[in-house]
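The values are calculated or read from the model by the stated rules, or taken from the named source; none is laboratory data. Values in this document were obtained by computation on a predicted structure and should not be read as measured data. Because the Cβ atoms are built from the backbone with ideal geometry, glycine has one as well, and the counts that use them run over all protein chains shown. All accessible areas refer to the heavy atoms of the entire protein, side chains included, with ligands and DNA or RNA removed. Shrake-Rupley method; radii C 1.70, N 1.55, O 1.52, S 1.80 Å.
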Amino acid sequence: MRNPFTHSGPKKFNFISILHQSNGSLFQYACIDETSTAHALESYESMEEILKKATKTIPFIIHLRGAGVLARSVENVPNYKERLLVSGREDEFYFNSYERSGSVLVSFARKHVVDEFLSPIEAVKGFIWGIYIGPSVLPFKAENPTSIQADYVVSFPSKEQVTITKNEQELSEKHIQSSYLEAIINELFGKQAREDAFHQGIPEEVLNQTKANYKDYSRFKVIGLSILAFFLITLTGNYFLVNHLNQVAADYEQEISGYQDNFAVIDRIKQEKQRKLVLFQNSGIQSGNLLSYYTDDIGATVPKSIQFTEMELFPLVQPLKPKHKVETDNSKITIHGLRANSKVLDDWMEDLEKKEWIQSVEVINYSRLNNKSSLFHIIIHIRQ
């Protein structure tokens, strides 16, 4: 028979162990994981304390033993539950059963006893995935058991039979809890292939509805998280994009600011050009050929050892001033340069003075830079 409780979804469960006693109940809790082999149970004072610790989105498993829990081994017949009940109806109890062909190990407790512990879980909308009652799950502690001891002794006289008796030997509570936890984990995650059938306390139709609700919740959570992640990624991308665009805009603004400086320079150059055009127009020079003639004639006489650094034709009489007429001295040409040999400079000046259009050549400055070269400044006076 197929176990309706075979694990098909969650990998983790909130496990709550309850030892019900007349003078109060003892609670222990662990989050059990299919991939883990070590699970430590922690003690708590109440279900409310456990629920503060537990993750509510993980399904809950409870195991109840102690006062109000009965366990029997009976013949495996269709109406074995009715034979067990001295008083009360079958629907007033939660049953756990481990069935072999010849006998059944049954644990059961009244619903009002169990529901007292389930109601806090239901109040926080928790998924109740399993209700384990008493020792019926103990056969899952070992794969091929002959006898298992906890607070009860479960024996297997044959492949068809299972028996149970109260354990007269005192075992530590830690050993008992460890035995139940191991058996429940093996049954819960289907870690042992069994021909024997086990039914835990939740009716199959209720458990199937719980599984469907959990599946819908998990799907909603995945879709919700995916949508949230999408918007988060989109917002993050937009944030970096806006920052990038702001940086690009700032770079362009800075670049445009540089262009504005260039535009200002261009305006000054245009103004300078306009002033020089006015200067040229007011200089009295009527022909550009005359300037070309002077420069060509001087250039033809320059020795190779003389280097010009500056030549000014018709220098200004005075510096340019706004709203003042530009005046130039049309009788002078000034030349600054370097020469390597004083005799070469003297010979060149004599050649210049032989030109018909040159009246004289005047040395304004002469200074030695080093043993190889000297600076000179001369003025050529044009014959009028």
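Out of 103, 156, 228, whose Cα points farthest toward the positive end of the dipole of the chain (charges: +1 Lys, Arg; -1 Asp, Glu; placed on Cβ)?
Toward the positive end, the furthest listed residue is 228.
Once Lys and Arg get +1 and Asp and Glu get -1 on their Cβ, which of 242, 213, 269 lies farthest toward the positive end of the dipole of the stretch 189-278?
Checking the options against the dipole of the stretch 189-278, the answer is 269.
Please report, in Å, the Rg and the Dmax of the stretch 335-384, where both are computed over Cα atoms only.
11.6, 39
Under unit Cβ charges (Lys, Arg +1; Asp, Glu -1), what dipole magnitude, rounded to 20 debye, does the stretch 83-199 have relative to its Cα centre?
That gives the stretch 83-199 a dipole magnitude of about 100 debye.
Ranked by accessible surface with a 1.4 Å probe, highest first, in what order do 290, 41 come? All intermediate terms of the calculation are to be shown ahead of the outcome.
Numbers: 290 75, 41 45 Å².
From most accessible down to least: 290, 41.
In debye, nearest 20, what is the charge dipole magnitude of the stretch 140-191 about its Cα centre with +1 on Lys and Arg Cβ and -1 on Asp and Glu Cβ, if you could check? List each step's numbers first, then the result.
Details: 5 positive and 8 negative charges, 27 e Å.
Dipole magnitude for the stretch 140-191 comes out near 120 debye.
With every protein chain in place, what's the accessible area of residue 261 (1.4 Å probe, Å², nearest 10)?
Spelled out: residue 261, probe radius 1.4 Å, area about 100 Å².
Whenever you get a sec, compute what percent of the accessible area on the chain sits on carbon and sulfur atoms (1.4 Å probe). Kindly include the intermediate steps, with their values, before the conclusion.
On the way: 12140 of 23080 Å².
Taking all protein chains in place, the chain shows 53 percent carbon and sulfur surface.
Regarding the chain, what whole-number volume in Å³ per residue does the convex hull of its Cα atoms give?
Values: hull volume 138.7 nm³, N = 384.
Spread over its residues, the Cα hull of the chain gives 361 Å³ apiece.
Under the Karplus relation 6.51 cos²θ - 1.76 cosθ + 1.60, θ = phi - 60°, what is the ordered set of whole-Hz ³J(HN,Hα) values for the stretch 366-377, x standing for Gly and Pro?
8, 9, 8, 7, 7, 5, 9, 8, 9, 8, 9, 9
Show the residues, 5+ positions off or on another chain, whose built amide H is closer than 5 Å to the amide H of residue 202.
Residues meeting the amide H criterion: 131.
The stretch 299-375: Rg/Rh from Cα coordinates, Kirkwood Rh? It would help to have the intermediate numbers written out before the result.
Details: Rg = 15.0 Å, Rh = 14.3 Å.
Taking Rg over the Kirkwood Rh, I get 1.05.
Trypsin sites (Lys or Arg not before Pro), restricted to the stretch 14-109: which are DSSP loop and have at most 14 other Cβ atoms within 10 Å? Let's see the in-between values first.
Details: sites: 52, 53, 56, 65, 72, 81, 83, 89, 100; in loops: 56, 89, 100.
In loop regions of the stretch 14-109 (DSSP not H, G, I, E or B), the sparsely surrounded trypsin sites (Lys or Arg not before Pro) are 56, 89.
Taking 8 Å as the Cα distance limit and 6 or more residues as the minimum spacing, I'd like the relative contact order of the stretch 1-158 as a percentage. Kindly include the intermediate steps, with their values, before the conclusion.
Working: 253 pairs, mean separation 33.0, N = 158.
Normalised by residue count, the contact order of the stretch 1-158 is 21 percent.
Which value, in Å² rounded to 10, gives the accessible area of residue 259 with a 1.4 Å probe and all protein chains present?
Per-residue accessible area (residue 259): approximately 110 Å².
Treating only the Cβ of Lys, Arg, Asp and Glu as charged (+1, +1, -1, -1), what charge dipole size does the chain show about its Cα centre? Round to the nearest 20 debye. Provide the component values of the computation, followed by the final result.
Working: 42 positive and 47 negative charges, 151 e Å.
Here the chain has a charge dipole of around 720 debye.
Suppose R0 equals 30 Å; then what is the FRET efficiency for residue 356 and residue 270 from their Cβ-Cβ distance, rounded to the nearest 0.05?
Details: r = 40 Å, r/R0 = 1.32.
About 0.15, to the nearest 0.05.
Nearest 5 is fine: what % of DSSP beta bridges in the chain come out antiparallel, could you say? Please list the in-between numbers first.
Numbers: 60 of 72 bridges.
Expressed as a percentage, antiparallel bridges in the chain total about 85.
Any chance you could get the radius of gyration and Dmax over the Cα atoms of the stretch 75-214, in Å?
For the stretch 75-214, the Cα-based Rg and Dmax read 15.6, 45 Å.
Within 10 Å of each candidate Cβ there may be at most 10 other Cβ atoms; applying that plus a DSSP loop requirement, which trypsin sites (Lys or Arg not before Pro) in the stretch 314-384 survive? Intermediate values should be presented prior to the final figure.
Values: sites: 323, 325, 332, 339, 343, 354, 355, 368, 372, 383; in loops: 323, 325, 354, 355, 372, 383.
Of the trypsin sites (Lys or Arg not before Pro), the ones in loops of the stretch 314-384 whose Cβ has at most 10 other Cβ atoms within 10 Å are 323, 325, 354, 372, 383.
Dipole of the chain (Lys/Arg Cβ +1, Asp/Glu Cβ -1, origin at the Cα centre): which of 252, 295, 306 lies farthest to the positive side?
Towards the positive end, the residue furthest out is 295.
With a 10 Å radius around each residue's Cβ, average the other Cβ atoms per peptide and rank 103-115, 119-131, highest first. Don't skip to the end; give the middle numbers.
Values: 103-115: 20.4, 119-131: 16.8.
Highest to lowest by the protection proxy: 103-115, 119-131.
If you average 1/r over all unlike Cα pairs in the stretch 1-146 and invert the result, what Kirkwood radius do you get in angstrom? Show your work: numbers first, answer last.
Details: mean 1/r = 0.0604 Å⁻¹.
Over the stretch 1-146, the inverse of the mean reciprocal pair distance is 16.6 Å.
Counting heavy atoms of the protein chains only and a 1.4 Å probe, report the per residue accessible area for the stretch 91-157 as a whole number of Å². Present the calculation step by step, with values, prior to reporting the outcome.
On the way: 2340 Å² over 67 residues.
Here the residues of the stretch 91-157 average 35 Å² of exposed surface.
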